[in-house]
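First up is the structure itself, then whatever we jot down about it.
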Amino acid sequence: MSKEVIKLSATWCGPCKQYALIFDGVVDDMVAAGWKISSLDVDNDDGKEIATKFGVRGVPATIILNGDDEAIVKSGSISEDDLRDLVGLD
């Protein structure tokens, strides 16, 4: 089962820079729990493609892919506790 967390952001986005600190604080725990982590900039082709595919209209955004389940897309900055909850970390 493939588990992936994708963070979408942009270099010009102030809230993205703040959220990066929260996200980066959880990355090691997510990797240890078997999650693949991707951080993409929406100003680049890969980021644009993912944003379009999942209907993301604002950044920062977090996309959770957990196997065959439907993607969970959270727009805006989320708290560390909410991020941990979304990926099943205690």
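The values are calculated or read from the model by the stated rules, or taken from the named source; none is laboratory data. Note that the coordinates shown come from a computational prediction; the quantities given were computed from them, not determined experimentally. So basically every Cβ, Gly included, is an ideal-geometry build from the backbone, and we count neighbours across all protein chains shown. Note: areas computed on protein heavy atoms with side chains; ligands, DNA, RNA excluded. Shrake-Rupley method; radii C 1.70, N 1.55, O 1.52, S 1.80 Å.
Taking 0.36 nm per residue of sequence separation and removing the Cα-Cα distance, the D29/L89 pair yields an extension gain of 20.8 nm.
Per residue, the accessible area of the chain comes to 60 Å², computed with a 1.4 Å probe over protein heavy atoms only.
Amide H contacts under 5 Å for S39: K7, restricted to partners 5 or more places along the chain or on a different chain, H placed in the peptide plane at 1.01 Å from N.
Take the Cα radius of gyration of the chain and divide it by 2.2 N^0.38 Å, N being the number of residues; the result is 1.00.
Computed from backbone phi, the HN-Hα couplings of region 4-13 come to 9, 10, 10, 9, 9, 8, 9, 5, 8, 9 Hz, rounded to whole numbers (Karplus: 6.51 cos²θ - 1.76 cosθ + 1.60, θ = phi - 60°; Gly and Pro given as x). Only the Cβ atoms of Lys and Arg (+1) and of Asp and Glu (-1) were treated as charged; on that basis the dipole of the chain about its Cα centre amounts to roughly 280 debye.
Computed extension length for Q18-S38: 5.5 nm, one decimal, from 0.36 nm per residue of separation with the Cα-Cα distance subtracted.
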